[in-house]
Amino acid sequence: MTELTQFIRGFQKALHIEIETMRGQRGSFEVPLFNGRKQDSAFSDTTTHRRYVFSYAVANEKLNVHLECTLRHEKSEYLVRVASVDTGSVQLECNENIPLEGKGHTLEIYPWFLYEKLLSGLSEILPGHSIDNALRLFARSPACELDRSPRLDHSSLNPSQQRAISLCCQLNPALIWGPPGTGKTRTLAALLAELLHQDRRILVTSTTNAAVDQALEQLAKHPEGRPFLYQHKVIRMGQNAGSRPKLTLQEVANARYQDRQACFEAIEDRLGNLHETIRKTREVLDQLEQTLAEYQLNLFSDPAPLPHLLPALRSIFSGRRAPLLVQLSPDQLITTIGTRLRRLQRLHKLYRLRGKALHTAQQQREQQAFTEARLVFSTLANVYLHPLMRNASFDVVIVEEASMAVLPTLFFSACMAKEQIIVVGDPTQLPPIVQSRDAFVQKALRRSIFAIAAPIPLTTHNVALLDTQYRMHPTIGDLISKLFYHGALRSATTDQTHKTLVEKAPFPGYPLVLIDTKGHTQCKYQGHHSRCNELSALSCVALVRSALNDGLLDIGVITPYVEQARLTRDLLRRENLLGESIECSTVHRFQGREKNMIILDLVDTAPLPPGKLLAGQSTTSDAARLLNVSLSRARGKLLVVADCEYFLQKIPQSTLSLFLHEARQVGLVATRENIPDHLS
């Protein structure tokens with residue numbers, strides 16, 4: 001059995017188990033849609049599919065171009081395909097007519113669909129494909145040296161960021177380890193500018209649209225990278241996040257061929273006008289034929305008067321001819337209008353043929369624009385969903401947030417790299433979300449690529465650590481460095497960096513505060529084995545109110561449990577505190593984000609034992625990663641609500657207890673009663 005066959009079979013086995021688990025445990029994701037309207041192109045074949053555009057309110061990472069899902073409307077369901085996704089709107093294709101009246105529409109997305117498509121993509125990787133870089137990334141062959149050196153001046157970067165650029169020019173594969181706040185995206189933008197100036201064709205991909213767009217935004221700010229965007233050499237596959245300049249495949253193709261696009265739009269407008277004129281002509285004919293039929297039923301009646309047709313005739317004929325035509329008898333007018341209708345239909349057919357030819361040419365231009373692009377941004381899902389991506393190859397493939405990607409998607413993407421694979425991420429942050437507890441699935445899907453390619457990243461020669469953080473107050477940053485990065489992460493911030501934030505309530509002057517609930521709260525199960533603690537949630541609400549009263553905005557309330565997040569949001573909403581400046585959710589929602597103040601609610605206490613989400617013993621456990629992400633979101637203030645003695649007694653060797661011990665030494669310890677404006 002070849003190594004390729006080994007990998008493919010292993011991934012397929014794990015994916016099949018995960019798909020079955022997802023089918024049994026999870027339903028569909030629902031996206032409410034509204035303002036639906038039909039939008040068939042004048043050139044599309046409406047006998048095979050119809051297009052509809054709907055608005056949606058909340059951005060959803062599950063919406064992917066070429067996704068197949070179900071549209072539910074009242075008691076009916078329709079199989080649809082996502083044709084495009086823009087900010088706030090989605091275009092769907094369907095083989096049936098979808099009624100737009102009546103109650104709202106809901107898009108049902110089945111989460112296992114992407115894995116089914118991934119299975120299909122993996123099966124298409126044949127022995128003839130270039131898989132050398134995938135095997136190197138998965139430690140089946142050693143890293144190799146590249147005969148390259150940086151061409152651009154990167155003196156604006158710090159030394160560790162410069163080392164990362166040099167490493168990516170010298171070794172394959174190269175791994176950039178980017179702890180929170182270390183300028184990972186800025187470094188990536190500089191790397192992209194460097195590779196573009198080396199005339200290399202690049203794919204940048206990640207698990208989320210947000211990560212892809214952040215990389216794109218940073219490139220647009222880089223003086224050596226920005227020109228490539230305006231030269232139509234950069235394409236953003238999938239969702240259009242409103243970038244400037246326009247970078248979707250269609251927009252880049254249109255920008256490269258503006259004259260042809262103008263012709264295309266003119267023909268489409270002309271077809272629309274012809275379609276409307278033909279409709280009005282048929283209405284007039286129907287009215288005339290009905291009038292004539294009524295007259296012929298009574299041979300002794302006077303000739304029926306013509307209906308008031310002058311406005312309609314003016315829309316069909318020239319303005320000067322219409323008054324003359326209205327004087328004709330009904331049968332004469334029917335003959336004249338019938339002749340006009342046939343001419344309009346012939347003209348419509350000719351324009352439609354011309355339009356279809358232009359539409360085909362547009363698709364060819366998009367193919368050419370994609371082929372000639374020097375840099376392509378795409379989510380990992382689009383890499384195996386989009387027809388153009390499935391057979392594409394690149395000199396360099398870069399995976400951002402690689403620690404969150406399931407291994408089969410990384411293998412598939414690495415097989416697209418002809419020369420080099422680069423991964424960017426942080427092995428001490430959250431891993432991929434996997435439903436199955438099967439040991440084989442955990443090994444094949446849930447491990448971080450760093451665990452395979454660089455099990456000891458600090459001493460691995462092809463790993464570059466970004467070692468200076470610019471986000472957090474040094475009290476917070478230094479504690480995180482000690483707990484999760486073996487002290488290798490330095491703080492560029494000082495006590496003055498976030499002084500204005502630190503001086504705000506609650507607890508002015510303290511960047512790190514433990515609010516010890518001291519056995520005064522109770523934890524209980526809620527929902528599907530999730531947990532909640534009402535008094536703990538009330539404490540968080542009081543902290544938010546205190547901060548807002550002192551003008552401190554941009555606050556995140558984080559909790560490990562879905563039900564606690566829901567309870568806290570309800571309490572905040574009841575007090576009119578929830579809004580753009582205040583966000584409350586589980587830890588996974590905050591990965592890659594930062595806030596002026598973070599309130600971490602640990603929830604667990606008697607009578608329940610510590611939950612699995614918090615009880616991990618090692619610094620590489622899921623509990624440690626969850627804690628790292630939670631703590632490192634804070635810029636100026638970090639408040640932790642916890643029953644400290646409960647954790648110190650129940651799980652004394654855990655990373656969480658180690659944090660509580662260290663935090664007591666460098667931060668303030670308070671109680672619920674110390675919270676200003678506290679809710680009783």
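Brief remarks follow.
- Neighbourhood net charge (15 Å Cβ-Cβ; Lys/Arg +1, Asp/Glu -1) for residue 7: +3
- Applying D = kT/(6 pi eta Rh) to the range 473-598, where Rh is the Kirkwood radius over alpha-carbon pairs, T corresponds to 37 °C and eta to 0.692 mPa s, the Stokes-Einstein value obtained is 206 µm²/s.
- Listed residues 52, 510 arranged by accessible area, highest first, probe 1.4 Å: 510, 52
- Computed over the chain, the per-residue total of -39500 (n - 2.57) for DSSP H runs of n ≥ 4 gives a 222 nm mean residue ellipticity of -13000 deg cm²/dmol, rounded to 500.
- Annotation: amide H-H contacts under 5 Å for residue 105 (H modelled 1.01 Å from N, sequence separation of 5 or more, or interchain): 33.
- Using a probe of 1.4 Å, the accessible surface attributed to residue 416 totals some 10 Å² when neighbouring protein chains are kept in position.
- Global geometry of the range 605-660, whether rounded, prolate or oblate, following the gyration tensor of its Cα atoms and the 1.5 cut on a/c: oblate
- Under the span-like rule (Cα at least 30 Å along the axis, Kyte-Doolittle mean at least -1.0), DSSP H helices of the chain: 3-25, 258-297
- Global geometry of the range 641-680, whether rounded, prolate or oblate, following the gyration tensor of its Cα atoms and the 1.5 cut on a/c: oblate
- For the Cα trace of the chain, dividing Rg by the Kirkwood Rh returns an Rg/Rh value of 1.08.
- When the solvent-accessible area of the chain is split by element, carbon and sulfur atoms take up 49 percent of it, the probe being 1.4 Å.
- Charge context of residue 391, other residues only, Cβ under 14 angstrom, K/R +1, D/E -1: +1
- Exposure rank, largest accessible area first [313, 347; 1.4 Å]: 347, 313
- Our note on the geometry: Cα centres of the range 504-575 and the range 102-141, 39 Å apart.
- Residue range of the chain that is longest and free of GluC sites (Glu not before Pro) which are both DSSP loop and sparsely packed (at most 15 other C-beta within 10 Å): 125-502
- The loop-placed trypsin sites (Lys or Arg not before Pro) in the range 322-401, going by DSSP, include none that has at most 15 neighbouring Cβ atoms within 10 Å of its Cβ.
- Only protein heavy atoms count here; on that basis, with a 1.4 Å probe, residue 618 has an accessible area of about 50 Å².
- Probe 1.4 Å, protein heavy atoms only - accessible area per residue of the range 570-680 in square angstrom: 42 Å²
- Pairwise Cα distances in the range 4-144 exceed 21 Å for 55 percent of all pairs.
- Rounded accessible area of residue 85 (nearest 10 Å², 1.4 Å probe): 0 Å²
- Taking other residues whose beta carbon is less than 12 angstrom from the beta carbon of residue 610, and scoring Lys, Arg as +1 and Asp, Glu as -1, yields +1.
- Taking all protein chains together and a 1.4 Å probe, the residues 458, 203 rank 458, 203 from largest to smallest accessible area.
- Placed amide H near residue 152: partners under 5 Å, 5+ positions off or other chain: none
The values are calculated or read from the model by the stated rules, or taken from the named source; none is laboratory data. Owing to the predicted nature of the structure, the values given are computational and were not obtained by experimental measurement. When we count neighbours, we look across all protein chains shown, and the Cβ atoms used for this are built from the backbone with ideal geometry, even at glycine. When the accessible area is computed, the model is the full protein with side chains, heavy atoms only, and any ligands, DNA or RNA have been set aside. Shrake-Rupley method; radii C 1.70, N 1.55, O 1.52, S 1.80 Å.
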